[in-house]
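Each reported figure results from applying straightforward, stated rules to the coordinates on display, with no laboratory input. The shown structure was predicted, so the numbers you read here are calculated from the model rather than taken from an experiment. A quick note on method: Cβ atoms are made from the backbone with ideal geometry, for glycine too, and the neighbour counts reach across all protein chains shown.
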Amino acid sequence: MGWLPSWLGGSGGESKPTPQVTSDGGVQAPNRRDRARCWEARDAYFKCLDKHNILDSMGPGAADAKAKCPVEDTEFEKNCASSWVKYFREWRVAEYKKQERLRMIEAENAKAQAQR
């Protein structure tokens, strides 16, 4: 069980509390404090990535992200559910691409308006 995060019963440093199971067998969602802790860790991680000009911490920039932001990466993965970590990392790239497309469209619109 060494590959499991400590909060799922694996070995490791500070352990996360065991998630509460609901009556239907599902896992109880994180409370407000847990979500805030996750978001703070995410923001610190993304700030570190920004500082090192790393956009995609899952793709080509994964090794750089691990090397340049190890503490922030560890805190992010420790304080957020793995599905949230994956979602936030993918969202970061998608949001960047969306903003780039919007800038491109705005530039094209401005150019079209200038030609009229």
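Each peptide among 45-52, 60-67 gets the average number of other Cβ atoms lying within 10 Å of its residues, and from highest to lowest they stand as 45-52, 60-67. Farthest toward the dipole's positive end in segment 32-111, which of 63, 99, 83, given Cβ charges of +1 (Lys, Arg) and -1 (Asp, Glu) about the Cα centre? Towards the positive end, the residue furthest out is 83. Starting from the Cα of residue 97, draw a straight line to each of the lysines and keep only those under 29 Å, dropping any in the same chain fewer than 8 residues away. The reachable lysines, counting only those whose Cα sits under 29 Å from residue 97, are 47, 51, 66, 68, 78, 86, 111. Amide H contacts of residue 55 (H built 1.01 Å from N, in plane; Pro and chain starts excluded): no residue 5 or more places away or on another chain comes under 5 Å.
Put a dot 7 Å past the Cα of residue 23, heading toward its Cβ, do the same for residue 43, and the two dots end up 3.7 nm apart.
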